[in-house]
Amino acid sequence: MEKKLAEAVIAEDTAAEPKPLRADAQRNRDRLVEVAASVFAERGIDASLEEIARRAGVGIGTLYRHFPTREHLVEVVYRREVEALCAAAAELAQKHPSDVALEVWMRRFVDYIATKRGLATSLRILLTTNSTLFSDTSGRVSQALRQLVEAAVADGTIRDDVDASDVLHALGGIYSAPDTPEWRDRSRRLVKLLMDGLRFGAGKG
């Protein structure tokens, strides 16, 4: 059903030259991406494109005009999540003390992981294609974390023997935890425990 409708929409639009999106079309596209991130995080592989369109308040044909395949939508959603997470590091660093900025960012990392888990099957498909998704995003998240960790170490709000790669490894363990209804709440508690450990003994050296 999804494939046939997508093919029909693509065929309809093939003859047209690409044009800049009208304001209403851009709003629809942005809304679809926002809703898709939420639905993929909730439903994972079972996420329905029809449900995404319905929640976004548009028809399924509109979804396919913007995103001809599920993998196309997944790629755009994943890029958006990476960009938002990386941008948050700089924003939080300006608004909060360095250790607080790190903790808030790690809680956001949990939400990022939730979406990534929901996209996992489609991301594996993209990995086998010529998509530049992973080469474009590789290292950006770890660099954002490194900047936050180094700032907190520099001003003595976390321990000075902390390595950002170790923190990222600890956070990565959250990704592999069983996908249970309480996963997100448990993950946030783990972030709190991790921050308690990072703060322990800070400023005593």
Would it be correct to say that residue 92 is at pLDDT 95 or above, in the same structural domain as residue 165 (by the TED database) and surrounded by fewer than 22 Cβ atoms within 10 Å (Cβ to Cβ)? yes
Is there a residue in the stretch 154-174 that is within 15 Å of residue 113 (Cα to Cα), part of a loop (DSSP other than H, G, I, E, B) and not polar (S, T, N, Q)? no
Considering every residue within the stretch 91-99, establish whether at least one is touching a residue at least 40 places away in the same chain (Cβ under 8 Å) and over 30 Å from residue 202 (Cα atoms). no
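Filter the stretch 175-197 for residues that are over 23 Å from residue 93 (Cβ atoms), open to solvent by 40 Å² or more (accessible area, probe 1.4 Å) and part of a helix (DSSP H, G or I) and give the result.
175, 184, 185, 186, 189 - these are the residues of the stretch 175-197 that are over 23 Å from residue 93 (Cβ atoms), open to solvent by 40 Å² or more (accessible area, probe 1.4 Å) and part of a helix (DSSP H, G or I).
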What residue, among those in the stretch 127-153 that are among the aliphatic types (A, V, I, L, M) and within 19 Å of the chain's Cα centre (by Cα), is most open to solvent (accessible area, probe 1.4 Å)? 127
All conditions in (1) modelled with pLDDT of 90 or more; (2) surrounded by 13 or more Cβ atoms within 10 Å (Cβ to Cβ); (3) among the charged types (D, E, K, R) are true of residue 43 except (1)
Could you say which residue among 65, 22, 80, 108 is without any contact (Cβ under 8 Å) to a residue 60 or more places away in the chain, out of contact with any helix residue (DSSP H, G or I) (no Cβ under 6 Å at 6 or more places or on another chain), open to solvent by 60 Å² or more (accessible area, probe 1.4 Å) and charged (D, E, K, R)? 22
So if I check each of 156, 172, 118, which one is open to solvent by less than 40 Å² (accessible area, probe 1.4 Å), on the phi > 0 side of the Ramachandran plot, out of contact with any Lys or Arg (no Cβ under 6 Å at 6 or more places or on another chain) and not assigned by the TED database to the domain that holds residue 38? 156
Among (1) aliphatic (A, V, I, L, M); (2) over 23 Å from residue 141 (Cβ atoms); (3) open to solvent by 50 Å² or more (accessible area, probe 1.4 Å) - the single one residue 58 does not satisfy: (3)
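Please verify whether residue 187 is in the same structural domain as residue 89 (by the TED database), among the polar types (S, T, N, Q) and without any contact (Cβ under 8 Å) to a residue 24 or more places away in the chain, treating the condition exactly as stated.
No: the conditions fail for residue 187.
The values are calculated or read from the model by the stated rules, or taken from the named source; none is laboratory data. From a predicted model like this one, the values you see are computed outputs, not experimental measurements. In this analysis, Cβ positions are derived from the backbone assuming ideal geometry, glycine residues included, and neighbour counts consider all displayed protein chains. Please note that ligands, DNA and RNA were not included when accessible areas were found on the heavy atoms of the full protein model with its side chains. Shrake-Rupley method; radii C 1.70, N 1.55, O 1.52, S 1.80 Å.
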